[in-house]
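Working notes, beginning with the structure itself.
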Amino acid sequence: MNTRTALLALILLPLLPMHAALAHGDGAPQPVDTSGLPPLGEELLAINPYRNDATLKDKAIEVGSRGYNSNCARCHGLEAKSGGMAPDLRELGEGESEDGWFLSRVLQGATVGERQKMPPFEGLLSQEAIWAIRTYIDAQPE
């Protein structure tokens, strides 16, 4: 190793822990670009509109993947495979009641006792982003 390489290593080595710490995002809710998905309107839908729409499902999965990985993966696991810190969302069924629970939980978050277990995303994520994330989760194998 020459002197220049050794000096560069000494400068960059302290930055490695910072890179690892930010691997799953910085913890703040991130906006989700929903370009390519049509607007769903102001009124919240009770069921996932992308689930059975063959023309939009692939785009919703693509958008949902980005949204999930920047907002949900740090707790619910990469590719929706929970490591035990938070519920495994792949086990959530695909019915109207499960969609309602999902929407409510995303918008309102979750508090146990006085501890906030999941932040509320109301006002931060559009319903297009929420349903795209749900579509992405549904597409993950158990």
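The values are calculated or read from the model by the stated rules, or taken from the named source; none is laboratory data. The structure presented is a predicted model; accordingly, all values stated were derived computationally and were not measured. Don't worry about glycine lacking a Cβ; one is built from the backbone with ideal geometry, like all the others, and counts go over all protein chains shown. All accessible areas refer to the heavy atoms of the entire protein, side chains included, with ligands and DNA or RNA removed. Shrake-Rupley method; radii C 1.70, N 1.55, O 1.52, S 1.80 Å.
Give, as a single signed number, the net charge of other residues whose beta carbon lies under 12 Å from the beta carbon of SER126, with Lys and Arg counted +1 and Asp and Glu -1.
-4
Counting only heavy atoms of protein chains, what accessible area per residue, in Å², does the range 30-114 have with a probe of 1.4 Å?
Ligands and nucleic acids excluded, the result is 59 Å² per residue.
What residues qualify as long-range amide H neighbours of ALA110, i.e. H under 5 Å apart, gap of 5 or more or another chain, H built at 1.01 Å from N?
Long-range HN contacts for ALA110: LYS117, MET118.
How much space per residue, in cubic angstrom, does the convex hull of the C-alpha atoms of the range 71-142 take up?
It comes to 92 Å³ per residue, whole-number rounded.
Of all accessible surface on the range 34-128 at a 1.4 Å probe, what whole percent is carbon and sulfur?
For the range 34-128, the apolar C and S fraction of the accessible surface comes to 51 percent.
Cross-link partners among lysines for LYS117, C-alpha distance below 29 Å, same-chain residues fewer than 8 apart left out?
LYS81
What aspartates and glutamates could a cross-link reach from LYS59, if we take a straight Cα to Cα line under 15 Å and drop same-chain neighbours fewer than 8 places away?
ASP33, GLU128, ASP138
Sorting check: for 57-63, 44-50, 126-132, which peptide has the highest mean count of neighbouring beta carbons within 10 Å, and how do the rest follow?
126-132, 57-63, 44-50
Under the rule of at least 5 residues apart or a separate chain, name every residue whose amide H is placed under 5 Å from the amide H of LEU40.
HN-HN under 5 Å from LEU40: GLU128.
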